[in-house]
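To start, the structure itself, in structure tokens.
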Amino acid sequence: MRTPLIAGNWKMNGGLASNATLLAGLLGDKTELSAELAVCVPAPYLAQVQSALGGSPVRWGAQDVSAHERGAFTGEVSAEMLQEFGCSYVIVGHSERRSYHAESDELVAQKALRAVTTGLTPIVCVGETLEEREQGATDAVVARQLAPVLDAVGTQLTSMVIAYEPVWAIGTGKTATPDMAQQVHARIRVLIAERDAEGAQQVRLLYGGSMKPDNAKDLLAMPDIDGGLIGGASLNAPDFLAIAHAA
Ligand code: PGA
């Protein structure tokens, strides 16, 4: 049985005051959730979320991590630093990092490995562009993105979460239909099973891309969709919680 994970990706949003309101909103919901809840925040706010969420069931994490352990890498943040701030998760290979920061599949794999080695759970993002989908290349793109990650983490692949985020659905209001998403999720599980049949049944596969309270239930009902990576809707506590309750 895979516990659903509903993870918020705040992206480059927030501020000390608005974060405090949002976090208080999340903590204010006392109803029992069957899903695990997490927020992935900009690095400067990790101390704030650690202090606000510590002792609560809500976990937290970062949005990127260096592939290096330490040293002369100006501007980068190491996995050990994230761990010092109590992070459970770190997003790696988000499509915005792949496209705006030219992150290669291999670099993403190195980041995932660094996270796993340090005891953090990477949320590894994969997904095709609209052009790639229209060319019928979705499966090939996802397989290409995933292969170096599975090579790198090897036997530790159950320490990862994979997020399928079709690039054309991110922040656009266009969502993959539950069937479209399920098809890719099932394919991802097969790719993992080729390495580790038992592990593939444990790895959580999240869907991301314009998941909202009104479409979450149908997406999360699919057999291989084990949660969501939520951008826009995670910035509003009632919406984020509504998605969590749909899981
Ligand atoms: P969105 O973002 O929910 O705003 O589409 C998802 C993501 O980029 O992780």
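Given H placed 1.01 Å from N in the peptide plane, which residues other than close sequence neighbours of GLU36 have an amide H under 5 Å from its amide H?
Counting only residues 5 or more places away or on other chains, the set is LEU5, ILE6.
Using a 1.4 Å probe on the protein chains only, how many percent of the accessible area of the chain belongs to carbon and sulfur?
Solvent-exposed carbon and sulfur of the chain make up 52 percent of the total.
With a 1.4 Å probe and every protein chain left in place, tell me how much accessible area MET222 has, in Å² to the nearest 10.
That residue has around 40 Å² of solvent-accessible surface.
Eigenvalues of the Cα gyration tensor times 5, then square-rooted: what semi-axes does that give for region 5-246, in whole angstrom, largest first?
25, 22, 17
Taking only DSSP H segments of four or more residues, each worth -39500 (n - 2.57), what value at 222 nm results for the chain once the sum is divided by all its residues, to the nearest 500 deg cm²/dmol?
For the chain, the value works out to -12500 deg cm²/dmol.
Give me the extension gain from LEU33 to ALA143: residue separation times 0.36 nm, minus the current Cα-Cα distance, reported in nm with one decimal.
Residue separation times 0.36 nm, minus the Cα-Cα distance, leaves 36.3 nm.
By how many nm would the segment from ASP105 to SER18 grow when fully extended, if each residue of separation counts as 0.36 nm and the alpha-carbon distance is taken off?
Length difference between fully extended and current span is 27.9 nm.
Calculate, for region 5-246, the solvent-accessible area per residue in square angstrom, rolling a 1.4 angstrom probe over the heavy atoms of the protein chains.
43 Å²
Within straight cross-link reach of LYS111, meaning Cα distance under 23 Å, which lysines are found once same-chain residues fewer than 8 apart are removed?
Straight-line reach from LYS111, under 23 Å: LYS11.
Who wins for biggest fluctuation among LEU150, LEU120, LEU33 in a Gaussian network model of the chain, springs between alpha carbons below 10 Å?
Answer for the Gaussian network model of the chain: LEU33.
Using θ = phi - 60° and the Karplus relation 6.51 cos²θ - 1.76 cosθ + 1.60, list the HN-Hα couplings for region 149-164 in order, rounded to whole Hz, with x at every Gly or Pro.
Computed from phi, the couplings for region 149-164 are 5, 5, 4, 5, 7, x, 6, 9, 5, 6, 8, 10, 10, 10, 10, 8 Hz.
The values are calculated or read from the model by the stated rules, or taken from the named source; none is laboratory data. Here the structure is a predicted model, which means the values were calculated and not measured. For the accessible areas, the whole protein counts, side chains as well, though only heavy atoms, and no ligand, DNA or RNA atoms are used. Shrake-Rupley method; radii C 1.70, N 1.55, O 1.52, S 1.80 Å.
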